[in-house]
1. How many percent of DSSP beta bridges within the chain run antiparallel, rounded to 5?
2. Any idea what the relative contact order of the chain is, in percent, if you count C-alpha pairs under 8 Å spaced at least 6 apart?
3. For the chain, take the longest principal axis of its alpha carbons; what is the angle in degrees between that and the long axis of helix 84-98, to the nearest 10 within 0 to 90?
4. If one takes the longest principal axis of the Cα atoms in the chain, at what angle in degrees, from 0 to 90 and to the nearest 10, does the Cα axis of helix 52-66 lie?
5. Taking the Cα centre of segment 2-124 as origin, sum charge times position over the Cβ atoms of Lys and Arg (+1) and Asp and Glu (-1), and report the length of that vector in debye to the nearest 20.
6. All other residues with a Cβ under 14 Å from the Cβ of Pro102 taken together, and with Lys, Arg as +1 and Asp, Glu as -1, what is their net charge?
7. Evaluate the distance, in nm, between pseudo-label points positioned 7 Å from the Cα of Lys7 and of Asn25 along their respective Cα→Cβ axes.
8. I'd like the FRET efficiency for Asp73 and Thr106, computed as 1/(1 + (r/R0)^6) with the beta carbon distance as r and R0 of 30 Å, rounded to 0.05.
Amino acid sequence: MYTLAVKRNFIAQHFLIGGDWGAENELHSHHYAIELQLEGTSLDQHGYLVDIVHVEEELNSIVAYYRDRTLNDTPEFEGLNPSIEHFSRILCTTLSARIDAPNIDTLMVIVWENDIAWASYRLSR
């Protein structure tokens, strides 16, 4: 199995809803790190799993969309607690729809909220 990964960092804000989580219920920022991992069993005619330039363009586009925004205010999080679990699923399904590569069997997005906490979502195609 081949794996290719691309990572980006950005700052965004959120506040948690639906429970009493103290300071997390107030608007605050996180320095997020998003890592996209793509897996497949075969390479294309050039020896690539996927065009990394295309992957970087799509990841950069998503990061630009969320950078310096409040997650709660985006349509993707309407009615949802903006947890890193939901965030990883939203990012993974969005990237899966944007990256058209026949060699990709699995996508996984890992969202780091800080140096010690992360969540991931894996999608098989």
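Laboratory data are not the source of any read-out in this text; all were calculated from the coordinates shown. In this text, all values refer to a predicted model and were calculated from it rather than measured experimentally. Cβ sites come from the backbone with ideal geometry, for glycine too, and all protein chains shown count toward neighbours.
1. 95 percent
2. Computed value for the chain: 31 percent relative contact order.
3. Roughly 40 degrees between the two axes.
4. So the inclination is approximately 10 degrees.
5. The calculation lands at about 100 debye.
6. -4
7. It is 3.5 nm.
8. My answer for the efficiency is 0.45.
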